[in-house]
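Chemist: Take a look at this one; I'll ask things after.
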Amino acid sequence: MRRMNKPLSAADSAAQTPIAAEVERRRTFAIISHPDAGKTTLTEKLLLFGGAINLAGQVKAKRDRRSTRSDWMAIERERGISVVTSVMTFDYDGRVFNLLDTPGHEDFSEDTYRTLTAVDSAVMVIDAAKGIEARTRKLFEVCRLRDIPIVTFINKMDREARDPFDILDEIEKTLALDTTPMTWPIGQGRDFAGTYDIASGEMRLLTDDGRTVDRQPLDLASLAAKNPMLDAEAIAEELKLVKEACRPFDFQAFREGHLTPVFFGSALKNFGVKDLLDALGKLAPPPRAQVANTRKIDAHENAMTAFVFKIQANMDPNHRDRIAFARLCSGKLRRGMKAKLTRTGKPVTLSAPQFFFAQDRSVADEAYAGDVVGIPNHGTLRIGDTFTEGEELAFLGVPNFAPEILRRVKLGDPMKAKKLKEALQQMAEEGVVQVFRPLDGAPALVGVVGPLQLDVLKVRLAEEYGLDIGFDQPEFQLARWIACDDRKKLDEFVSANYSSVAEDLDGDKVFMARNQFILDYTRERAPGLVFNDIKDVK
Ligand code: GDP
């Protein structure tokens, strides 16, 4: 009897329950990078290794295509970009990889951040000539909030690159993240010959047609004989230094988000990509336990739980439907099952949950923790919503991020103010923009992290609500959630700064500052109050 009461370890349960076995083979990840570092190229190559082979060419073509199913909105067609995050699922080496695409160029938005709350690991792509760039840093910070393990890919080694030691040093210093090179480049730019595998001491050579070949014993002499630009002695010296000077790989530190294994390669030439994918399979974690308001939910549990991290509207222009993207956290989702939407307590039938295979959508029969399904609905679902099989709980997964751009909504027809209010409420619930209502009754402000979100708002208000709006530059530049353990102190602050305080969708108080100086000044003068740039969903 005692044996039965003993809690199962992960390994025990992996062997014992089919659900655990499915969970263990899943890897749900995103790519974080600055625009042009090579995310699209790498995505395409990653998909080549998996079951989604035929789709590889299409990922790149994303920006050029004009009239396909995924170009669902006029605005998207005009710009030829994907406004929305897509999910790509592929099989490789017995594992199921879910790659959640993080919109990056003009389509950078809060969805980019939210996507990172739905992954278990991330690949950080760095342009070898540029090092850590602004967007990478920002996205890394979001990963760090959740201690998401990061695998680093230093891309474009086939071009003029910075010194590899320099790049590692920059990662360590600017991100406060330890590094362990797993491979090391041999030559660079035109003389990039391949990589040295630090653990095995072997090398992998880049062939003329750009295809990765198997590892082989290190033989610098014959490499140098073929390419006089390569100095065998200097390279041997460097490899020796790498082995001696670099930090050994520490699995636990990686899993806790303190150390990143680093790979060098060229996405364009499909070099080093397989090493990266193998590392994701072997090192990156399977779906992790997720924190809810009442308890932690283990991915191996039998009852289905999931949370919505993104909402996409009008995928099909003929229907006013929305797709809520939900990440499964535990159990098994079966098509047609009834789930409880815990925010309202109402049952929702998951009659047509969809799986996403690259650009295509197909109906899902079952999904497990780590998988992402799309749930069609007519505006009933919100960002952060939780589904269960009846248990009363809410995941804390999807925070709000302070907007980088604030605008005041200008309404063409003032008679439609009430309609605008409703429409903004709906748009905020769907996560299109954040809405801040000043306490002094001034017109609402909208906040976004990427300018395209403003265009999306304008188009959707016109098409779905018949509202013609414009945007004014408000007097405020920054918005911060204010919090204080002492309720009285908070109230005092709010009344003293009445005209600079607004309420967000949930009624939480937000301080709006004209500039950074005012924010710092106010913060200094308000001891005990915190001004947060992130708000976790409660
Ligand atoms: P994204 O903006 O991060 O998605 O970057 P893309 O994948 O679109 O790549 C930006 C540009 O860099 C494109 O012109 C790519 O062809 C090029 N590129 C990407 N990876 C490599 C690489 O490994 N080597 C070289 N030489 N060019 C690359």
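Chemist: Would it be correct to say that Asp12 is within 14 Å of the ligand (Cβ to nearest atom), surrounded by fewer than 14 Cβ atoms within 10 Å (Cβ to Cβ) and modelled with pLDDT under 85?
Modeler: Spelling it out, it is not the case that Asp12 is within 14 Å of the ligand (Cβ to nearest atom), surrounded by fewer than 14 Cβ atoms within 10 Å (Cβ to Cβ) and modelled with pLDDT under 85.
Chemist: Run down Thr28, Thr68 and say which single residue is more than 9 Å from the ligand (Cβ to nearest atom), modelled with pLDDT of 90 or more and polar (S, T, N, Q).
Modeler: Just one listed residue meets the conditions, Thr28.
Chemist: Inside the range 116-141, can you point out the residues that are within 16 Å of the ligand (Cβ to nearest atom) and not in a helix (DSSP H, G or I)?
Modeler: The answer is Ala122, Val123, Met124, Val125, Ile126, Asp127, Ala128, Ala129, Lys130, Gly131, Ile132, Glu133.
Chemist: When only residues in the range 94-115 that are surrounded by 24 or more Cβ atoms within 10 Å (Cβ to Cβ) and of a type in the set (A, V, I, L, M, F, W, C) count, which is farthest from the ligand (Cβ to nearest atom)?
Modeler: That would be Phe97.
Chemist: Before we move on, is Thr195 of a type in the set (Val, Ile, Thr), over 25 Å from the mean Cα position of the chain (by Cα) and not in a helix (DSSP H, G or I)?
Modeler: yes
Chemist: Run down Leu230, Leu276 and say which single residue is at pLDDT below 95 and surrounded by 15 or more Cβ atoms within 10 Å (Cβ to Cβ).
Modeler: Exactly one residue qualifies, and that residue is Leu230.
Chemist: Continuing with this model, one more query. Going by what's in this entry, would Gly345 be described as at pLDDT 85 or above, on the phi > 0 side of the Ramachandran plot and surrounded by fewer than 23 Cβ atoms within 10 Å (Cβ to Cβ)?
Modeler: For Gly345, the condition - at pLDDT 85 or above, on the phi > 0 side of the Ramachandran plot and surrounded by fewer than 23 Cβ atoms within 10 Å (Cβ to Cβ) - is met.
Chemist: For the range 460-475, check the following and say yes or no: at least one residue is polar (S, T, N, Q) and either outside the structural domain of Ile405 (by the TED database) or part of a helix (DSSP H, G or I) (or both).
Modeler: No, the range 460-475 contains no residue that is polar (S, T, N, Q) and either outside the structural domain of Ile405 (by the TED database) or part of a helix (DSSP H, G or I) (or both).
Chemist: Kindly provide the set of residues from the range 455-509 that are more than 21 Å from Ala442 (Cα to Cα) and of a type in the set (A, V, I, L, M, F, W, C), ordered by number.
Modeler: Val456, Val459, Ala462, Ala483, Cys484, Leu490
Chemist: Follow-up question, since we're still on this one. Select from the range 507-538 the residues that are without any contact (Cβ under 8 Å) to a residue 12 or more places away in the chain and outside any helix (DSSP H, G or I) and list them in ascending order.
Modeler: Gly507, Arg525, Pro527
Chemist: Would you mind finding the one in Leu505, Leu452, Leu478 that is over 23 Å from Ala134 (Cβ atoms), within 28 Å of the chain's Cα centre (by Cα) and not hydroxyl-bearing (Ser, Thr, Tyr)?
Modeler: Leu505
Chemist: Restricting attention to the range 105-138, report how many residues are under 8 Å from the mean Cα position of the chain (by Cα), more than 17 Å from Phe307 (Cβ to Cβ) and either of a type in the set (D, E, K, R) or at pLDDT 95 or above (or both).
Modeler: Residues meeting the conditions: 1.
Chemist: Here is a check on your reading of the model: is Leu145 farther than 30 Å from Pro286 by Cβ, surrounded by fewer than 23 Cβ atoms within 10 Å (Cβ to Cβ) and away from the ligand (no atom under 16 Å from the Cβ)?
Modeler: Against the criterion (farther than 30 Å from Pro286 by Cβ, surrounded by fewer than 23 Cβ atoms within 10 Å (Cβ to Cβ) and away from the ligand (no atom under 16 Å from the Cβ)), Leu145 does not qualify.
Chemist: Just to check your reading of the model, which residue among Ile297, Ile311 is away from the ligand (no atom under 16 Å from the Cβ), on the phi < 0 side of the Ramachandran plot, β-branched (Val, Ile, Thr) and in contact with a helix residue (DSSP H, G or I) (Cβ under 9 Å, 6 or more places away or on another chain)?
Modeler: The match here is Ile311.
Chemist: Of these, Val262, Val308, which one is farther than 19 Å from Val96 by Cα, β-branched (Val, Ile, Thr) and not assigned by the TED database to the domain that holds Lys45?
Modeler: Val308
The values are calculated or read from the model by the stated rules, or taken from the named source; none is laboratory data. Note that the structure is predicted; figures quoted are calculated from it, not measured. FYI the Cβ positions are ideal-geometry reconstructions off the backbone, even for glycines, and counts take in every protein chain you see.
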